[in-house]
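Working notes, beginning with the structure itself.
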Number of protein chains: 4
Amino acid sequence: MSLNPVVALLGRRLRLAVIGGGPGSFIGAMHRHAAALDNRYELVAAAVSSDPAKSAEGGRELGLPADRAYASGPALFAGERGRADGAEVVAIMTPNDSHWALAAGLDVICDKPMTNTLDQAERLHAAVAASGKVFCLTHNYTGYPMVRQARAMIEAGELGAIRLVQVEYVQGGNAREFEPSQGRAWRHDPAKGGPSLVMGDIGSHAHNLLRFITGLEVAEVAAEVGSIVPNRTVHDYAGALLRLSNGARGSFWVTQAAAGVENALRIRVSGALGTLEWQQELPQLLSFKPLDGPAQVRTPNGPGTLPLAARASRIKRGHPEGFPEAFANLYSDAAEAIAARRAGTRPDPLALLFPNSLDGLLGVRFVNAVLRSSDANGTWVAIQS
Amino acid sequence: MSLNPVVALLGRRLRLAVIGGGPGSFIGAMHRHAAALDNRYELVAAAVSSDPAKSAEGGRELGLPADRAYASGPALFAGERGRADGAEVVAIMTPNDSHWALAAGLDVICDKPMTNTLDQAERLHAAVAASGKVFCLTHNYTGYPMVRQARAMIEAGELGAIRLVQVEYVQGGNAREFEPSQGRAWRHDPAKGGPSLVMGDIGSHAHNLLRFITGLEVAEVAAEVGSIVPNRTVHDYAGALLRLSNGARGSFWVTQAAAGVENALRIRVSGALGTLEWQQELPQLLSFKPLDGPAQVRTPNGPGTLPLAARASRIKRGHPEGFPEAFANLYSDAAEAIAARRAGTRPDPLALLFPNSLDGLLGVRFVNAVLRSSDANGTWVAIQS
Amino acid sequence: MSLNPVVALLGRRLRLAVIGGGPGSFIGAMHRHAAALDNRYELVAAAVSSDPAKSAEGGRELGLPADRAYASGPALFAGERGRADGAEVVAIMTPNDSHWALAAGLDVICDKPMTNTLDQAERLHAAVAASGKVFCLTHNYTGYPMVRQARAMIEAGELGAIRLVQVEYVQGGNAREFEPSQGRAWRHDPAKGGPSLVMGDIGSHAHNLLRFITGLEVAEVAAEVGSIVPNRTVHDYAGALLRLSNGARGSFWVTQAAAGVENALRIRVSGALGTLEWQQELPQLLSFKPLDGPAQVRTPNGPGTLPLAARASRIKRGHPEGFPEAFANLYSDAAEAIAARRAGTRPDPLALLFPNSLDGLLGVRFVNAVLRSSDANGTWVAIQS
Amino acid sequence: MSLNPVVALLGRRLRLAVIGGGPGSFIGAMHRHAAALDNRYELVAAAVSSDPAKSAEGGRELGLPADRAYASGPALFAGERGRADGAEVVAIMTPNDSHWALAAGLDVICDKPMTNTLDQAERLHAAVAASGKVFCLTHNYTGYPMVRQARAMIEAGELGAIRLVQVEYVQGGNAREFEPSQGRAWRHDPAKGGPSLVMGDIGSHAHNLLRFITGLEVAEVAAEVGSIVPNRTVHDYAGALLRLSNGARGSFWVTQAAAGVENALRIRVSGALGTLEWQQELPQLLSFKPLDGPAQVRTPNGPGTLPLAARASRIKRGHPEGFPEAFANLYSDAAEAIAARRAGTRPDPLALLFPNSLDGLLGVRFVNAVLRSSDANGTWVAIQS
């Protein structure tokens, strides 16, 4: 583990604001932990609710002074802009605020999905490109050491040409025969939750994981998406066949209606020289089956660990890290990129693989293509990349 | 374990002939072992090769008298018909001989694929129906105790209504960049090996396993099939989205080009009340994740074992059985059915689940539909059932 | 799989008699299946019960003529001796009959424990040595392909000098708070079941497995043995520290009182160059963790398979075999040795590793030493080897 | 996850000093991360090295002002005592400083081993008791959610009376045939590293884990400890048979010389009603095999999670946490206890299970007993508790 090179570089931590993800939210807590883990950020401002009283209460619980607990993104941007010690980076858990954050001159860490519509995504990506700011989209599963090891092995040619990919993300959270609770009802409203619940929630993760590990794009899909639990309007499953940018073939399967399953994100990638398999529920293991040799089980910092994976682990062999550390890797990579830009230095190239607005745009295009193929009776639909 | 109820019933073993599967062949040895395991058959005749010298030599190695080592199926049928101690059942490892076997009045155990063409399959199924004979198609993976436990749990309603199914069969045997060896070149010739190597070899197993466990039919497919290894003409992968007869949805993925993978047949079935998962490489384990309770790992003869599974195991808890025993279960079930018909008694209903000519016909229709959807740019194709 | 080289060699199968293991018994069925699997034996005579009616009935169920269903071992030996087609080999599931079998000039396959007392074991081993006959003791776990792979890897030096061994055998069959059923009451009677139930039943397996895999002897033990389930007199657990013949150290733990556990025989062996782990409940996997390289999972006939393991498997990679095949390997190895002796030829050296009377004697000495150390307050006790 | 109840209670974080565990050390980083994770501590002072230049440099890297980077524990205690904002709690990674910390009126978090000698341990425990301060010994494996679930299930009677325990801790870090590097040479010096390297390093963890989960004491041991790697003087393995305070029996095996093994701490506990198994390398899984029901796999926050385990997890089902979170649980529990005492309120009883000075004392007594039994030829030695 490198001890805070960014802090050493900057002489200080980056000042972070958060929008959304109030005290009771799982994802808000994950973001704050991720920011704190390597001590590269200090939380200076927040707008955790659009209800002023809740926002003020949330600010207090986060240890913020009263004048830095805001009731909206715009209020936060306005308030922080005027301060010498104003926020430099903002972590956004509410769609639609990203554009304003960039306009306010802030670097952005954004929870997925990046936007609800393709048009929004195109415009946001253009805005990021024009701004020169860092935009980190928290497809957090790419932060696991063994996911990075898989990518690095493929980049190094250890699998040869990629031929076949299977990715699946199976959950049981929406298996019961009723709609989710009121507090999260927006997730089941296409207008607020995006055009497809299952694709926005987990399909985009699966798509991003496939691209991150293989370094390939999804060029075409033949797909179906729909609802399998009775009396439900929102999507709870999607399947697709894939043609990748190098001609490889693949399958894709996601659902939140698999009763009893927890969080079974799994990927298998075969190349000419072997096959890799990884599953999120046992993230410390990476199966590698070479064409010519015994099957292997790779572990963080075990023999054969490549630099990209070694950098993603803070701990000795045999001591498992988990989801919080994977998530934190995205935050710390973004901090490296932001701090280097502010310092006018070259960042560690290994830090620059966090998902960005292009990844977000490609994710939205993928969702869009899946929906179009599903509407077109399963015919193949091309995806721009 | 029941000790040979059939033998007790008959007072003797069934007289078995084999066609194909000569001494050097893997599948031939498997069939002979499967027939021998429960002592319900005695091998009395064989035609293991179309080369008379090889056939004679093979007969000697199998311990047969010279006059019962034939050089072809028709010769065998003719020779055995004239004997008082002639074969009653024939195990066929060569497509096209089944029809003649039925015509010769024999019960048939047939290796898959049942036929190479849909037309042949329709006619064979009709011939079986007309004959009143037993026709057992050796989709051997249905013989595993935990596969039968999965079926029995679903039949008993332990999963509730089935909603989602994933089945995949991934092998690495054809991952290298050359065509298989000469001796098996016929497998890469569509005229002899069927219209699709990967579908005939393993796709039909995956399809059958899904049907056996769920009790549902595949009603529609959207599919692609093709070759991913460079410079290859025969199919080495196929993927499909599935719509099942009750409206459930599913995914299907098979390949023989996944370098380093052995024999990874895997299925996951979710119903309203829970999810089952099974994989052939660890066949002694069946994962059951109920909607409302801790995840379970079921094992042969462990608590909760249902009669269909108990019947499929010969051994105490904790002593794994394997592929040979699974294969033998089909042979012994067929023996039960044959012996009961000959004796004019009612067979054990739990013995009657071995795959038959209807299963074979549905498998060929499935392959046909996959090919048609693939040719039709992935659009959904309905399957008659 | 080699197809019956012994049959080819002999021109016929060995004539086998069985003593004990009547129709209802698990172990009897296992023995008969093991004998049948490779077609190297034909069952010609039996004495499955000391009750004449039951013995006659058992003979009928096994398909034997009435005059070859005997009511005792001595009767069987006498009856078979006079026949030109008399038994050549006898499989014995009743202690005390082995000596008479040797005296009758038969080769012997004997279920463990070999004898109940150390004195009997010493005399039996001497009798075997004097007779020149084959004596195969069915420590069946040594027949698993991956157990043989482990032994072969150690023999080939792949682990370097052995330093540390852990072996444990944990079952739950005697976890309930009552004594086993009447039919097996003899197992709880030291006079008939040996001096220690748990040591005779499973401790001897664990000891033999350790010796088979490592090629080392247990030189000294510090041990405790006793009863942990309330109100029980027979032993249900035993633990020991081990000093091996090369100075390696080890631990040993066996119990039949672990509620809910099936048949968890497990071994871990560390040498200077790596560590092997194997467990009976997943016998198709052998974990190898080299000192300098990624952890491996070895499978039957996978890359790196050594001849001793390849010979023990009848099937292609990825198709698990089980306990029945492991058991059959001992029978077929014994057949190889017997047939070669009868033919005056050299047997395959890889066939000669089945446990024999010396292994049995060393097992009884180990049990004896464990008991003595336990009685001596845990002090170290040396074992003659 | 509860969001910082301690901070809400106190209105502020506890002021923490650290002694030892400088920037380059693994354990120092783990401690600082653990303290930071739940935001219950702020780091205010440090003495990370006895070299003044290194200590100053370390303080800078930790973001401390120059006057709070001390060159020794005593200097830190003296310097902080005079400040209104002085440290309240000290995290100690150097044996021998604990006593002074208590004398200085600080609460203490102490890395294991607590002391090097039994006499020191007795005196330290007495000092803790007299002080009324919190003393938390970081046997960090007790912080895993599934370890706490195991304890809670046993406390709730789900296993019935405990009968059998196996605990093993197997590592490969000292498998090579040379002594560790100079920087850690003290670990191989009995005077500084304690009487037994392997027992101090990992044996004490295994002993503590057994006690934590079972709630039982180790009453007697029969043991051996020694060196198995050639030309080594320090201990690299230890084995023992155990008699627990309720009459249960057990085995204990620890080594750092198992080539290729990472960090294989494993425990199995059998009671009258079932068996639990847990291993540190897959800490998110807890196997439970009930006497009367299918085997289960319990996961954090899955069905059946008890309050003690739920409290130890910050995250939704299916998102694995790791070693860092387990470690942090001890820090946060200690914070709860310290804050409650300072506030004069009752702490959450579920927070009070962190290992303390009595646990440390019992650990040292256990090591002492193991050594005495080993010296006494393996005879049983009683342990005061």
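The values are calculated or read from the model by the stated rules, or taken from the named source; none is laboratory data. Since we're looking at a predicted model, the values are computed, not measured. Glycine gets a Cβ as well: all are built from the backbone with ideal geometry, and neighbour counts include every protein chain shown. To get the accessible areas, we keep the full protein, side chains included, count just its heavy atoms, and leave off ligands, DNA and RNA. Shrake-Rupley method; radii C 1.70, N 1.55, O 1.52, S 1.80 Å.
Applying the set (1) touching a residue at least 40 places away in the same chain (Cβ under 8 Å); (2) of a type in the set (G, A, S); (3) assigned by TED's automatic domain parsing to the domain that holds A:P195 to A:G302 leaves exactly one unmet item: (1).
Residues that are over 20 Å from the mean Cα position of the chain (by Cα), crowded, with 21+ Cβ neighbours inside 10 Å and not hydrophobic (A, V, I, L, M, F, W, C) are absent from the stretch D:204-218 altogether. Residues considered: D:A121, D:A130. Of these, the only one that is in the same structural domain as D:G28 (by TED's automatic domain parsing), open to solvent by 20 Å² or more (accessible area, probe 1.4 Å) and in a helix (DSSP H, G or I) is D:A130. The set of residues in the stretch A:236-268 being assigned to a strand (DSSP E or B), closer than 17 Å to A:V381 by Cβ and polar (S, T, N, Q) consists of A:S251 alone. Only a single criterion out of (1) touching a His at 6+ places or on another chain (Cβ under 9 Å); (2) surrounded by fewer than 20 Cβ atoms within 10 Å (Cβ to Cβ); (3) outside any loop (DSSP other than H, G, I, E, B) is not satisfied by C:T233, namely (3). When the stretch B:38-97 is filtered for residues that are touching a Lys or Arg at 6+ places or on another chain (Cβ under 9 Å), in a helix (DSSP H, G or I) and open to solvent by 60 Å² or more (accessible area, probe 1.4 Å), only B:A66 remains.
Being open to solvent by 10 Å² or more (accessible area, probe 1.4 Å), modelled with pLDDT of 95 or more, more than 8 Å from every other protein chain (Cβ to nearest Cβ) and at positive phi is a description that does not apply to D:N246. You will find that of A:V134, A:V108, the residue that is free of Cβ contacts under 8 Å to residues at least 60 places away in the same chain, β-branched (V, I, T) and more than 29 Å from A:P320 (Cβ to Cβ) is A:V108 and no other. Residues that are of a type in the set (S, T, Y) and within 11 Å of chain D (Cβ to nearest Cβ) were ranked within the stretch C:204-243; the one that is farthest from C:L265 (Cα to Cα) is C:S227. Residues in the stretch C:331-378 that are surrounded by fewer than 19 Cβ atoms within 10 Å (Cβ to Cβ), over 15 Å from the mean Cα position of the chain (by Cα) and not charged (D, E, K, R): C:A343, C:G344, C:T345, C:P349, C:L350, C:A376, C:N377. Would you tally the residues in the stretch A:260-279 being within 14 Å of chain D (Cβ to nearest Cβ), surrounded by 24 or more Cβ atoms within 10 Å (Cβ to Cβ) and not aromatic (F, W, Y)? Of the residues in the stretch A:260-279, 2 are within 14 Å of chain D (Cβ to nearest Cβ), surrounded by 24 or more Cβ atoms within 10 Å (Cβ to Cβ) and not aromatic (F, W, Y). Taking (1) modelled with pLDDT of 95 or more; (2) over 23 Å from C:L216 (Cα atoms) in turn, C:V147 satisfies each apart from (2).
Every residue, every condition in (1) without any contact (Cβ under 8 Å) to a residue 12 or more places away in the chain; (2) small (G, A, S), yes or no:
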residue: D:F26; (1), (2): yes, no
residue: D:R32; (1), (2): no, no
residue: D:R40; (1), (2): no, no
residue: D:S49; (1), (2): no, yes
residue: D:G59; (1), (2): no, yes
residue: D:L64; (1), (2): no, no
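When we screen B:Q284, B:Q296 for residues that are assigned to a strand (DSSP E or B) and within 14 Å of chain C (Cβ to nearest Cβ), the only hit is B:Q296. Scanning the stretch C:309-334 for residues that are outside any loop (DSSP other than H, G, I, E, B) and small (G, A, S) yields C:A309, C:A310, C:A326, C:A328, C:S332, C:A334.
Residues of the stretch D:133-151 that are part of a loop (DSSP other than H, G, I, E, B) and buried (at least 24 other Cβ atoms within 10 Å of the Cβ): D:V134, D:T138, D:H139, D:Y144.
Within the stretch D:317-334, the set of residues being within 21 Å of D:L306 (Cβ to Cβ), more than 7 Å from every other protein chain (Cβ to nearest Cβ) and of a type in the set (G, A, S) comprises D:A326, D:A328, D:S332. For the stretch C:302-318, check the following and say yes or no: at least one residue is farther than 19 Å from C:L37 by Cα, at pLDDT below 95 and open to solvent by less than 40 Å² (accessible area, probe 1.4 Å). So far as the stretch C:302-318 goes, no, none of its residues is farther than 19 Å from C:L37 by Cα, at pLDDT below 95 and open to solvent by less than 40 Å² (accessible area, probe 1.4 Å).
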